[in-house]
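What follows is a set of notes on a single structure, which appears directly below.
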Amino acid sequence: MDVVDSDFAVLELYKDSSAADTVIVGDGSGYGFDEGTSKKGKRDCWEQLLASGKTWEQLSEKWNKDGVFVEDTLYEAASVLGIEPKYMVSDYEDFESEADEDTNIIPMFFKKKITDSKVGKKKLTLNAAFKQVFGEALEPLGFVKAKTKYPHYIRFVDNSFIQIIGLKKESENVFNITAGIATIYRSEINLNCSPRMNCNWMIGISEFYKRSHVYDYDGKYRSNIMNFGFPKFESESIINAFERALNEVKKWVLPEFEKVQTLSDVIDYLYTFYFSGLDIFGPDVQFYRHIDDRDGLFCFELDDPYEIADRRAKNAIKRALYKAEHNINGFTEADYVKSCEDIKQSSKERKEYIGNILNNKQLHDETMAEIRRRKEKNIGILRSYGVDI
């Protein structure tokens, strides 16, 4: 199976070394496949592979589903074919390691691994290079390789949040490294979905650089670290690209992570790198359960719940002062005074909202129950990823 840029996948079924059937799942129209290309495949080829109790109609329905990312469609179809989704991995080495740990998995009928003809050894994959280069650097710092669908290294800090560094494949020979912080107080921590679904808070190295240098970043330098590529599929070339990416991570990401050692520190981090993460949605906001990447409810776990509003305002005033002192985009002293008034008013309203929850027993009880539910759910998720909690 080949997944093409999350748009579509080509599934090829082989019998006696010959292709018995080919199925297109997702939208391949932009890649030369006709819109009307059948996705269903040949029933007689696939029906014999169905899991017990599953039907051909169920598999056909999954394959014809119009999803945003084809990986999610394949994930849903896996159980119909008797595949445990957790064993859907992106390279053969990962599959072999899973098979070694689970005697119910028997790898068979895989094509021979492509080799580098010049050196006569297995071709290095992006995942393997990521583990080799980043694993060596991050594991001594307390990061662990997560058991997730996509490659991530996770460090659990202060019993309340995780720092994450992951690999995002952009094309065949171009990748990016993304990173972020998530608390166990958000609605859900999901690292098994497509990286695109987490792109709000799992940001690239260039974004770490830009957001920490809002008004004085070097555009040319930022462009140079937006992605990392290699000209040839040779081990040395791939490793060099990952080492260059690691150097940038050490320069812009890890120092920011080191600043964040307590739940209170998360406020400053989110203000700089994912402002929306500070949103507070209590039980009086009916849709709050569906905003998965908002961490703001952690304010009720702080000694002073109002700290999230005070620190947010302090950071905003500091940024406004910088703009005025350096006349950024014509920002004047008068603009600074007006901005401070607006910031203080917003902070006052935010504290009133927090106070309403604190002083209303029913709202407070519901909020704390929701926090307990989130903690229990996310801790369970992290443990399933192999994080020692």
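The values are calculated or read from the model by the stated rules, or taken from the named source; none is laboratory data. Remember, predicted model here, so these are calculated numbers, not experimental data. Note: ideal-geometry Cβ built from the backbone for every residue, glycine included; neighbour counts use all protein chains shown. Side chains are part of the model used for accessible areas, which takes the heavy atoms of the whole protein and leaves out ligands, DNA and RNA. Shrake-Rupley method; radii C 1.70, N 1.55, O 1.52, S 1.80 Å.
Residues that are farther than 18 Å from Arg196 by Cβ and modelled with pLDDT of 70 or more: find the helices (runs of 4 or more DSSP H) completely inside region 1-86 holding 3 or more of those. Outline the logic, then answer.
Values: elements: 43-46, 56-63, 70-78.
The helices (runs of 4 or more DSSP H) meeting that bar are 43-46, 56-63.
Quick one: would you say Phe300 is modelled with pLDDT of 95 or more and surrounded by 15 or more Cβ atoms within 10 Å (Cβ to Cβ)?
Details: modelled with pLDDT of 95 or more: yes; surrounded by 15 or more Cβ atoms within 10 Å (Cβ to Cβ): yes.
Yes: the conditions hold for Phe300.
Results for (1) farther than 30 Å from Glu139 by Cα; (2) at pLDDT 95 or above; (3) among the charged types (D, E, K, R), shown as yes or no for each residue.
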| residue | (1), (2), (3) |
| --- | --- |
| Gln345 | yes, yes, no |
| Lys351 | yes, yes, yes |
| Gly355 | yes, yes, no |
| Asn359 | yes, yes, no |
| Lys375 | no, yes, yes |
| Tyr385 | no, no, no |
| Ile389 | no, no, no |
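Restricting attention to region 151-170, which residues are at pLDDT below 95 and surrounded by fewer than 21 Cβ atoms within 10 Å (Cβ to Cβ)?
Across region 151-170, the qualifying residues are Lys168, Lys169, Glu170.
In the list Tyr306, Tyr271, which residue meets the criterion of being open to solvent by 60 Å² or more (accessible area, probe 1.4 Å), over 23 Å from Leu191 (Cβ atoms) and among the aromatic types (Phe, Trp, Tyr)? Full working, then the answer.
Values: Tyr271 fails: open to solvent by 60 Å² or more (accessible area, probe 1.4 Å).
When all the criteria are applied, what remains is Tyr306.
Check whether at least one residue in region 176-189 is over 11 Å from the mean Cα position of the chain (by Cα) and open to solvent by 50 Å² or more (accessible area, probe 1.4 Å), and report yes or no.
Taking region 176-189 and keeping what is over 11 Å from the mean Cα position of the chain (by Cα), we get 176, 183-188.
Imposing the further condition that a residue be open to solvent by 50 Å² or more (accessible area, probe 1.4 Å) reduces the set to 188.
Yes, that holds for at least one residue.
What are the residue pairs meeting all of these: first residue in region 153-165, first residue more than 15 Å from Ala179 (Cβ to Cβ) and part of a loop (DSSP other than H, G, I, E, B), second residue among the aliphatic types (A, V, I, L, M) and open to solvent by 10 Å² or more (accessible area, probe 1.4 Å), Cβ atoms under 8 Å, and 6 or more apart or on different chains?
Here the result reads Asp158/Leu263; Asn159/Ile389; Ser160/Leu263, each pair linking region 153-165 to a residue that is among the aliphatic types (A, V, I, L, M) and open to solvent by 10 Å² or more (accessible area, probe 1.4 Å).
Could you check Leu321 against (1) in a loop (DSSP other than H, G, I, E, B); (2) of a type outside the set (Gly, Ala, Ser); (3) farther than 22 Å from Thr262 by Cα and say which number it fails?
Only one criterion is unmet by Leu321, namely (1).
Would region 349-366 turn up any residue that is closer than 30 Å to Tyr215 by Cα and either of a type in the set (A, V, I, L, M) or surrounded by 12 or more Cβ atoms within 10 Å (Cβ to Cβ) (or both)?
Keep residues of region 349-366 that are closer than 30 Å to Tyr215 by Cα, which gives 349-351.
So of that shortlist, the ones also either of a type in the set (A, V, I, L, M) or surrounded by 12 or more Cβ atoms within 10 Å (Cβ to Cβ) (or both) come out as 350-351.
Checked against the condition, which is being closer than 30 Å to Tyr215 by Cα and either of a type in the set (A, V, I, L, M) or surrounded by 12 or more Cβ atoms within 10 Å (Cβ to Cβ) (or both), region 349-366 yields at least one hit.
Determine whether Lys232 is open to solvent by 60 Å² or more (accessible area, probe 1.4 Å), modelled with pLDDT under 95 and over 18 Å from the mean Cα position of the chain (by Cα).
On the way: open to solvent by 60 Å² or more (accessible area, probe 1.4 Å): yes; modelled with pLDDT under 95: yes; over 18 Å from the mean Cα position of the chain (by Cα): yes.
The answer is yes for Lys232.
Restricted to region 192-207, and to residues that are part of a helix (DSSP H, G or I) and among the hydrophobic types (A, V, I, L, M, F, W, C), which residue is least open to solvent (accessible area, probe 1.4 Å)?
Kept after step one, since they are part of a helix (DSSP H, G or I), are these residues of region 192-207: 195-198, 205-207.
If we keep only those that are among the hydrophobic types (A, V, I, L, M, F, W, C) as well, we get 197, 205.
Details: Met197: 104, Ile205: 2 Å².
Of everything passing the filter in region 192-207, Ile205 is least open to solvent (accessible area, probe 1.4 Å).
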